[in-house]
Amino acid sequence: MESGSFYRAMWRWHFYAGLIVLPVLALMAVTGALYLYKPEIERAVYHDRIVVRPGGALLPPSRLVAAVEKASGGAVSQMQRPAAADESWRLTVGGTVWFVDPHDGRILGRLADGGVMRTVRDLHSLALAGPVGNRLVEVVAGWAILLCVTGLYLRWPRAGNRVLALRGRPGGRLFWRDLHGSVGFLAAGAILFLAVTGMPWTSVWGGGLRGLIAERGLGRPSAAVIPWSAPVKEVLPWALREGGAVPGGSGPGGSGPGGSGGVGVDEIVRIAEGRGLKGGVMIGFPASAGMPWLVSAQAVKAQDAHVLTIDAGSGAVAQDVDWRMFGGGARAVEWGVATHQGLEYGEANRLLMLAGCLCLLLLCLTAPLLWWKRRLGEPPAAGLREKRVVAGLMLGLGLVFPLTGASMAAALAGEWVWERLRG
């Protein structure tokens, strides 16, 4: 097989992959970098609602619930107790979050639809486009993996060429090509990691992975369950999001401070603290009769995952699940998710993921410049045999990521039609 022709075939795939996903990758790089600093951005933007004076006794949670329900006229469905002593508690009514000072019960403000960071998250996940957006994220992540693989091949040292170099005059084509190639080679590992660890959030590939892990007994502990609602799922570990809750049994499932005759929120907090959930937690109120209370640790590291389901009538702990009970598959995914979010290894982890996002953005900016320097041309055609071999390799990757594979097949069909039309 002619090596030069094989190189050109890889180059064409790298070129077309970039054309297909570059705008979305740039959006994901920017929003991903911002979301790494969600706590700091929220404290800056909503300082008057989030920051409180620490110290002094805390009011019972039921007092906070009563204050919010009186002000809102609705029922609280979720309560978040922060890990930091200088932050307000957040109570959710419908789609609105209410911020309450836990020392005196003052309502500091409210926020509809999650605020600015919810918008950033929805842009990052393309949730604004609904199910289609989720599938598009899966396609883009798969193409990003292809870009990393082909880019590494193209930049790999051969014939005395240096991997890391900045040659030519600034602004010239050689300078931009070296900048693009050197940054891409250095950042390929981080970008590849971000693409792969982002896949579990997708519906098709992520759903298939969840099913495979469950089938092999490598996920969460098995239990008879009923599905969680969407708002509650967002704060759960990945391994527990689709499993649902153990049915609550005898409880009436009231959502008021006293649980409408069942176990109240004050007792739920006491039970949770007795089980080790003493820091930041999210408390999900029973949505209907027979549903349990949910208490989930606001995990930082994957190993912090800890979820309780508590019978709404009796207060009995129906299920107590933590990291130690996860199978190997669930642990691997939870670790990947926490590292992807820059949480697992502290500030160094976050800075590394930030570097990956910024390098990805730089690659997205330099790629069209390189195209422009070529006068909007396309890479030279490769030999038929080499094109088929590389196409086969790419479609092999597509078998692992089906939606990406389908888009690859469509791209191949489009190229075939274009070549026929050009004669």
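No value in this document is a laboratory result; all are computed from the given coordinates. The model shown is predicted, which means the values in this text are computed figures rather than measured ones. Using ideal geometry, Cβ is built from the backbone for each residue, glycine included, and neighbour counts are taken over all protein chains shown.
Every helix of 4 or more DSSP H residues in the chain counts as -39500 (n - 2.57), and over all residues that averages to -17500 deg cm²/dmol at 222 nm.
Taking the square roots of five times each eigenvalue of the Cα gyration tensor of the range 55-117, the equivalent ellipsoid has semi-axes of 18, 14, 9 Å, listed largest first. Of the DSSP H helices in the chain, those with a Cα length along their own long axis of 24 Å or more and a mean Kyte-Doolittle hydropathy reaching 0.5 comprise 3-35, 131-155, 173-198, 346-373, 384-400.
For the range 75-162, the equivalent ellipsoid built from the Cα gyration tensor has semi-axes of 45, 18, 9 Å, listed from largest to smallest.
Counting only C-alpha contacts under 8 Å and six or more residues apart, can you give the relative contact order of the range 267-334 as a whole percent? Normalised by residue count, the contact order of the range 267-334 is 22 percent.
If we count trypsin sites (Lys or Arg not before Pro) as exposed when they sit in a DSSP loop and have at most 16 other beta carbons within 10 Å, what is the longest stretch of the chain that avoids them all? Between the exposed loop sites, the longest stretch runs 1-105.
Bridgeable lysines around K387 (alpha carbons under 28 Å apart, same-chain partners fewer than 8 residues away excluded): K373. Bridging of K278 to lysines at a Cα separation below 16 Å is possible for K301, once same-chain residues fewer than 8 apart are set aside. Highest-first packing order for the peptide set 25-31, 308-314 is 308-314, 25-31, based on the mean count of other beta carbon atoms within 10 Å.
Note on the range 318-423: Rg/Rh from Cα positions, Kirkwood definition for Rh, rounded to two decimals, is 1.16. The convex hull around the C-alpha trace of the range 13-72, projected and averaged over every direction, spans 7.5 square nanometres. When +1 charges are put on Lys and Arg Cβ atoms and -1 charges on Asp and Glu Cβ atoms, the dipole computed for the range 303-423 relative to its Cα centre reaches about 1060 debye.
Every Cα-Cα pair in the range 3-153 was counted, and those over 21 Å apart are 59% of them. Taken over the range 264-373, the alpha-carbon convex hull comes to 152 cubic angstrom per residue. Calculated translational diffusion coefficient of the chain (37 °C, 0.692 mPa s; Stokes-Einstein with Kirkwood radius over alpha-carbon pairs) equals 137 µm²/s. Compactness of the range 257-314 is given as radius of gyration and Dmax, 11.5, 37 Å, from Cα positions.
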